[in-house]
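Asks: Have a look at the structure that comes next, please.
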Amino acid sequence: MEQHKVKQDQGGSPVRNAVLRAFRILAIAEAFSWAALLVGMYFKWIAGTTEIGVQVAGPVHGALFVGYGIAALALWRLQRWPFVVALFAGLSAVFPFATLWFERWAGQRGYLAAAAAEARAAKETSRV
């Protein structure tokens with residue numbers, strides 16, 4: 001029991017870990033759905049051959065976009081992101097493939113590390 005508590009404290013809460021994992025997966029999936037939607041739009045508007053790509057990729061991309069946004073909002077709270085980081089996360093979903101850039105950028109700066117939120121929380125409470 002004590003080992004489990006220590007392990008959990010070092011790695012963050014199970015909810016935080018699940019949201020972090022979902023966010024990373026959604027960032028990649030959202031970028032791939034952008035690609036599928038762009039291909040679908042090519043065949044619909046430029047080649048003029050079929051609308052099936054947009055009909056399939058559109059709703060899939062929409063669902064992944066919403067999921068990514070919800071995960072970003074959850075991480076804003078759980079990871080105690082500054083507003084600017086949360087704003088970049090939201091804006092990255094609007095531009096094709098930018099979620100991949102944001103996920104890498106945020107990971108390199110510790111915003112996607114489970115222990116980083118505890119460090120920021122400790123820093124905030126020490127100032128008070």
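The values are calculated or read from the model by the stated rules, or taken from the named source; none is laboratory data. If you're wondering where the values come from, they're calculated on a predicted model, not measured in any experiment. Reconstructed Cβ throughout: ideal geometry from the backbone, glycine too, with neighbour counts over all protein chains shown. Side chains included, ligands, DNA and RNA excluded: accessible areas come from the protein's heavy atoms. Shrake-Rupley method; radii C 1.70, N 1.55, O 1.52, S 1.80 Å.
Asks: Taking K and R as +1 and D and E as -1, what net charge do the other residues with C-beta under 14 Å from the C-beta of TRP101 add up to?
Replies: Every neighbour counted, the sum reads +1.
Asks: Could you give the nm distance between label points at GLN55 and TRP101, where each point is 7 Å from its Cα heading toward the beta carbon?
Replies: 3.4 nm
Asks: In nanometres, what is the gap between the two model label sites at LEU87 and ASN17, each 7 Å from Cα along Cα-to-Cβ?
Replies: According to this spin-label approximation, the distance is 3.4 nm.
Asks: Can you tell me, using C-alpha contacts under 8 Å and at least 6 residues apart, the relative contact order of region 31-113 as a whole percent?
Replies: 27 percent
Asks: Follow-up. Ignoring ligands and nucleic acids, what accessible area does LEU20 show with a 1.4 Å probe (Å², nearest 10)?
Replies: 10 Å²
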